[in-house]
1. Against the longest principal axis of the chain, how steep is helix 31-53, in degrees 0 to 90 to the nearest 10, with axes from Cα atoms?
2. At residue 68 and residue 18, where each label point lies 7 Å from the Cα along Cα→Cβ, what is the point-to-point distance in nanometres?
3. When the helices in the chain are scored as -39500 (n - 2.57) per DSSP H run of 4 or longer and the sum is shared across all residues, what 222 nm value do you end up with, to the nearest 500 deg cm²/dmol?
4. Of 67, 43, 35, which has the largest mean-square fluctuation in a 10 Å C-alpha GNM of the chain?
5. Which residue fluctuates the most in the chain, going by a Gaussian network model with Cα springs under 10 Å, if the choices are 106, 88, 41?
6. If you fit an axis through the alpha-carbon atoms of helix 67-87 and take the longest principal axis of the Cα set of the chain, what angle between them do you get, 0 to 90°, nearest 10?
7. For a quick check, take a GNM of the chain with Cα springs below 10 Å and name the residue from 23, 111, 39 with the largest mean-square fluctuation.
8. Relative to the longest principal axis of the chain, what angle (0 to 90°, nearest 10) does the C-alpha long axis of helix 92-118 take?
């Protein structure tokens, strides 16, 4: 089974996240792009979970070595990405630490997801 379309969603999320990080370094904030990144990221996490558990009328893709780790890292990235605006407003250090964890976990999750899907059945 060819999984290339399923790889496009995590890669698009990663590229948009890197774009947002570049804009943040330049001191700009684009709320619409942040919203699109949020939707793409949660869509990626949902796609991975559906592939692990199987659709109600289909079969699950065997997780192998990378599937469960990809889902865990993507969930961790979503957790810290959603908590950053809540707890990061008071302290620049907390905000940057949460952003670093969010980016690192997201990058690891996307790379593991690509490695998992490129293995084939």
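1. 30
2. It works out to 3.1 nm between the two label points.
3. Details: 4 runs with 93 residues, N = 121.
My calculation for the chain gives -27000 deg cm²/dmol from helical runs alone.
4. Ranking 67, 43, 35 by mean-square fluctuation puts 35 first.
5. Looking only at 106, 88, 41, the biggest GNM fluctuation is shown by 88.
6. In the chain, helix 67-87 runs at an angle near 20 degrees to the longest axis.
7. 23
8. 20
Here, each number is a calculation from the coordinates, and none is a lab measurement. This structure is a prediction, so every number in the text was calculated from the model and none was measured. Note that each Cβ is placed from the backbone with ideal geometry, even for glycine, and that neighbours are counted across all protein chains shown.
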